[in-house]
Amino acid sequence: MKKVVVVGSINMDLVTRCKRVPKGGETLFGEEFSQVPGGKGANQAVAIGKLGTNVIMLGKIGKDSFGKDMLASMEKNGVNIQHIEEGEKATGIAKIIVEESGQNRILVVAGANSEVDKEYVDRHLAAIKESDIVVTQLEIPIETVEYTLKKAKEFGKITILNPAPARELSDEIIKNSDFIIPNESELALITGMAVETEEEIKKVGKKLLDMGVKNLIITLGSKGSLHLNRDKCEFHSAYKVKAIDTTAAGDSFIGGVVRELNGDNISEAIEFGTKVSAIAVTKKGAQTSIPTIEEVIEFKGVKNEKK
């Protein structure tokens, strides 16, 4: 079985559900509050673990109850947590507001995630050396992301970057990423280019491919995703589902792609990731909404028509 290392954030999600978000200066009553294990790194590790793949999480938590809860959630879902360290700061949190429509707004406080530095990565290089795929995001310091991708490529690993939350990427990060998987808004932010049309997306994609990325997979929400590389530009339509909460849709998609990725079967991996994310948006929460491999196998969804 292949081995995956996820280097990234570990957050407790503080989720409020409401009919709509308040305007500036306005106070509204919410309908429900819950604490849900999250963080883009931990979410992706849990997705990979729940889908039956060997996965190690690298990251930091605080010396608090949120940290203990996060460890318990990851371990329960098949994630190897032995390399996670306690930092000096509190466990990271994300304040999430979910509207009745399923749209969400997220505010993150990094906490211990900001202490995931190069020295921490060096202490756990053995895990990266023994892996097949290394996955990271941008909720830890950007310098650590750059260093992690560089070391992973030195060891000959497949590297996957989810550039979220979006920020400008260095040439070093781009050239050391075999896969970059953003959504449309993230693609616009990391490149500073318009992505309103398919032609504009292709133009941006060519720029990133010229900088060294082997594969660019843009997630397009309910429309599906677009895969670009040197050989093709391929659209993958989404499934028809009723979205309840889109919080972990992207993380579930990435978990599915990683689980299925095996050599050049990228189209099949994207199709599998599309199924995983379709199931995730029909349930509430982040890690709690991510399906198991059994749920994905049993899923009999219908695809939207390709546009």
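The values are calculated or read from the model by the stated rules, or taken from the named source; none is laboratory data. This one's a predicted model, so the numbers in the text were calculated from it and none came from an experiment. Because the Cβ atoms are built from the backbone with ideal geometry, glycine has one as well, and the counts that use them run over all protein chains shown. SASA here: full protein model, heavy atoms, side chains in, ligands and nucleic acids out. Shrake-Rupley method; radii C 1.70, N 1.55, O 1.52, S 1.80 Å.
How many residues are in contact with a strand residue (DSSP E or B) (Cβ under 6 Å, 6 or more places away or on another chain) and within 20 Å of Ala164 (Cβ to Cβ) when one looks only at region 202-234?
So the count comes out to 13.
Just a yes or no: is a residue in region 141-151 open to solvent by 20 Å² or more (accessible area, probe 1.4 Å), of a type in the set (Ser, Thr, Tyr) and more than 24 Å from Asn54 (Cβ to Cβ)?
No; the residues of region 141-151 include none that is open to solvent by 20 Å² or more (accessible area, probe 1.4 Å), of a type in the set (Ser, Thr, Tyr) and more than 24 Å from Asn54 (Cβ to Cβ).
In region 27-72, what residues are within 21 Å of Val7 (Cβ to Cβ), among the polar types (S, T, N, Q) and either modelled with pLDDT under 95 or surrounded by 24 or more Cβ atoms within 10 Å (Cβ to Cβ) (or both)?
Result: Asn43, Gln44.
Within region 73-84, count every residue that is open to solvent by less than 10 Å² (accessible area, probe 1.4 Å) and more than 24 Å from Leu138 (Cβ to Cβ).
Number of matching residues: 0.
Mind checking which residues of region 278-307 are assigned to a loop (DSSP other than H, G, I, E, B) and more than 22 Å from Leu14 (Cα to Cα)?
Our first condition is that a residue be assigned to a loop (DSSP other than H, G, I, E, B); within region 278-307, this holds for 281-286, 290-292, 299-302, 304-307.
Across region 278-307, the qualifying residues are Thr292, Phe299, Lys300, Gly301, Val302, Asn304, Glu305, Lys306, Lys307.
Can you find, within region 170-210, the residue that is most open to solvent (accessible area, probe 1.4 Å) among those that are part of a loop (DSSP other than H, G, I, E, B) and of a type in the set (Ser, Thr, Tyr)? If you could, list the steps in order and put the result at the bottom.
Narrowing region 170-210 to residues part of a loop (DSSP other than H, G, I, E, B): 170, 176-178, 181-182, 192-197.
Subsequent filtering for residues that are of a type in the set (Ser, Thr, Tyr) retains 170, 177, 197.
Details: Ser170: 37, Ser177: 0, Thr197: 66 Å².
So the residue we want is Thr197.
Give region 256-272 a look and list any residue that's under 12 Å from Leu51 (Cβ atoms) and either touching a residue at least 24 places away in the same chain (Cβ under 8 Å) or surrounded by fewer than 17 Cβ atoms within 10 Å (Cβ to Cβ) (or both), or say none.
Once the filter is applied, which keeps residues that are under 12 Å from Leu51 (Cβ atoms) and either touching a residue at least 24 places away in the same chain (Cβ under 8 Å) or surrounded by fewer than 17 Cβ atoms within 10 Å (Cβ to Cβ) (or both), region 256-272 yields Gly256, Val257, Val258, Arg259, Leu261, Phe272.
Can you tell me which condition Lys232 does not meet? The list is (1) surrounded by 14 or more Cβ atoms within 10 Å (Cβ to Cβ); (2) modelled with pLDDT of 85 or more, and all the others hold.
So Lys232 meets the others, but not (1).
For region 218-229, what are the residues that are hydrophobic (A, V, I, L, M, F, W, C) and either part of a strand (DSSP E or B) or open to solvent by 50 Å² or more (accessible area, probe 1.4 Å) (or both)?
Ile218, Leu226, Leu228
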